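A quick write-up on the structure given underneath.
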Ligand SMILES: Nc1ncnc2c1ncn2[C@@H]1O[C@H](COP(=O)(O)OP(=O)(O)OP(=O)(O)O)[C@@H](O)[C@H]1O
Ligand SMILES: [Mg+2]
């Protein structure tokens, strides 16, 4: 079969289109007709728009060309890794027992092909098998939550994606363990990697999911992930996204969540390292009394760039949303935060809150933060706020006047700033581990880990400041 | 001499505030500094504790035999200088417990001692909290966040008791305190008071000096100490105000 990497000279979009034309059979090998039809539509769209550029209004402050102009390899079939895969994906957070789904270079590692069915009925596995195995669920939700017309990245993902994670939580089932998706890139070539996740929560169900993006080498990659989540009536969903990639990597992460009545979601996007990241998070509150917490923390330095775009659509009455993103930017790092709140005409009694706080440690760091509110209902509470500041000098002196070194004082103040987001992680062992990672990152000691981001080098050793931050 | 300030000149943004101040403090002494608003009392405290933006244009500050000008604030603190702030800062997100533990361990590290064991630390917190009658829930909160004016001042004394400095400067710790809180502050000070350490008490009121009896009372005016006396000077000032001192000072400087 044809699995030749692309020719290096042509542009990424051109290469992808060529691959699509030349190997459509391979691309669509596991499809059902609806998925194939969607691919064709999405490719038509991509041919019209191509990848977005920084002259597009919604990409204005993100020079995405820096990535899309590079040449990448794109593989249409999985391949063997030289590494010990079992070892790479072992996650060693203490007291944090998860169901692990491992993805290497964009492909699910399937020891036994097919799916894992847990005793409580939860099914998870590779999307490339789910298309044929679960046509009903696919036809109901796949491509319905993530609009392929959103932008060129979603179009090309819909057109060409071949793998990703499928999770189905039946009605009334509450997942006992967190499901953890660990994604790694370990190729030496520059890779363009796409994956697609579909997560469906039935009525009255509950799931928490952790999504770790890691690179374990220092080579360039561009990852384009689309995640669709359907949260049924009175279901509860939590999503923790950990982003820790090398400085040459680009990550385009688009998450689309649809919520039915009385459901709740909480997403927490924790960005520790990456050359360039764009997170699109769209929440469609379409049933009454639904609630969404959309949180994020970004700690960037060097020339890293992060762009968080949050779209909350209030499409039903009595829904609440709470958006809070905090960032610390050092060196020449740059960040963008755009929070869109859309309140439809019938979405009375909406309560939407949005906040973005930033600390710039150096005058060379930059942030562009902007709310966009579109409100068509009249009985609505909507608030937004953004702050950009330095570390509080009064507080710095106060701490130092008690003998605390200026570097520790800075650390304490930065940590205090970030803690607000960390404390909202409801899984205790995970909260502790993230807490450790944040401290390491703030100290400049968090490298792109050798292994899973959660190993943190020495899993058995908890990380401390001079202070024990456990509640005394 | 524990602290010896010679011909100190301090400027803020190029404007001279302290204009040739001399002050000597020995171990075991309590010095009160009084004087009208805006004459440079807090500026002096800032200069001694090493706050940035306070430019020492002339003079020397000797502490335990070292000239501390140019020494970072945290090193001065670890050498044993403590300031009870006139306006304590609120620091959201930093808990009192972590703050104190970090401060205490910084000091121990400076002295070459290992970190304080958790049990010992907690015991000490408990003991000092009781001393200044701080409700225990305050220490679970962020530093000064949402504390009342009086609680903030008590918290300063609590920190002093924890850190056991050899020179404590209390900048209007009595302002805004009710009489019971005032006694608590005085108790904290008197408890710590020994032959080895000293206090500089900046205040506008004689009232505090009933509880913390000073060895010397200085009047700061126009960036200088213009009069020094015993504890009775405070009584006299309370009675007569500062006008007569100003007159004396101005008459002298005209000569
Ligand atoms: N950061 C600053 N920038 C400019 N001027 C300042 C600054 N801090 C203090 N000053 C000025 O220095 C002078 C002395 O102020 P300082 O706070 O030392 O007075 P004080 O004696 O402590 O007064 P009070 O009794 O009201 O506390 C005042 O005129 C004040 O306005
Ligand atoms: Mg003052």
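Annotations
- Taking the DSSP bridge list for chain A and keeping only pairs wholly inside it, about 5 percent are antiparallel.
- Folded to 0 to 90 degrees: helix B:96-110 orientation relative to chain B principal axis, Cα: 80 degrees
- For chain B, the antiparallel share of DSSP beta bridges with both residues in that region comes to about 60%.
- Rounded to 0.05, the FRET efficiency of the residue A:440 and residue A:386 pair, given R0 = 25 Å and the Cβ-Cβ distance, is 0.35.
- Ranking of B:63, B:147 by count of other Cβ atoms within 10 Å, fewest first: B:147, B:63
- B:169, A:182 arranged by Cβ crowding within 10 Å, fewest neighbours leading: A:182, B:169
- Rounded to 0.05, the FRET efficiency of the residue A:11 and residue B:175 pair, given R0 = 60 Å and the Cβ-Cβ distance, is 0.30.
- Our summary gives the range A:12-287 a relative contact order of 16 percent, counting only alpha carbon pairs under 8 angstrom and 6 or more residues apart.
- Comparing mean-square fluctuations of B:153, B:137, B:240 from a GNM of chain B with C-alpha springs under 10 Å, the top value falls on B:137.
- Helical contribution to [θ] at 222 nm, DSSP H n ≥ 4, -39,500 (n - 2.57), averaged over the protein assembly as shown, rounded to 500: -8500 deg cm²/dmol
- For the range A:12-287, the share of DSSP beta bridges that are antiparallel, to the nearest 5, is 10%.
- Virtual paramagnetic centre 7 Å along Cα→Cβ of residue A:37, amide N under 12 Å, in the range A:134-163: A:139-140
- Per-residue shielding of B:86-92, expressed as the average number of other chain Cβ atoms within 10 Å of the residue Cβ, stands at 5.
- Once the chain from residue B:127 to residue B:55 is taken as fully extended at 0.36 nm per residue, the excess over their C-alpha distance is 22.0 nm.
- Evaluated at q = 0.11 Å⁻¹: base-10 log I(q)/I(0), Debye formula over Cα of the range A:282-398: -0.41
- Projected area averaged over orientations for the protein assembly as shown, convex hull of C-alpha atoms, nm²: 36.9 nm²
- Relative to the longest principal axis of the Cα atoms of chain B, the long axis of helix B:179-192 makes an angle of roughly 80 degrees.
- Among A:96, A:325, A:397, the ranking by other beta carbons within 10 Å of each residue's beta carbon, starting with the fewest, stands as A:96, A:397, A:325.
- Set of the range A:335-350 residues, backbone N closer than 13 Å to the point 7 Å along the Cα-Cβ line of residue A:66: A:335-336
- Relative contact order %, chain A, counting alpha carbon pairs below 8 Å whose residues are six or more apart: 10 percent
- A Cα-only calculation for the range B:42-91 places Rg and Dmax at 11.1, 34 Å.
- Label-point separation in nm, residue A:375 to residue B:16, each point 7 Å along Cα→Cβ: 5.8 nm
- Helix B:231-240 and the longest principal axis of the C-alpha atoms of chain B enclose an angle of approximately 60°.
- Förster radius 25 Å - calculated FRET efficiency between residue B:141 and residue B:120 (Cβ-Cβ, nearest 0.05): 0.65
- The range B:231-251 and the range B:126-187: distance between their alpha carbon centers, rounded to Å: 31 Å
No value in this document is a laboratory result; all are computed from the given coordinates. All of these numbers come straight from a predicted model, not from anything done at the bench. Neighbour counts are summed over all protein chains in view; Cβ atoms, including those assigned to glycine, are modelled from backbone coordinates with ideal geometry.
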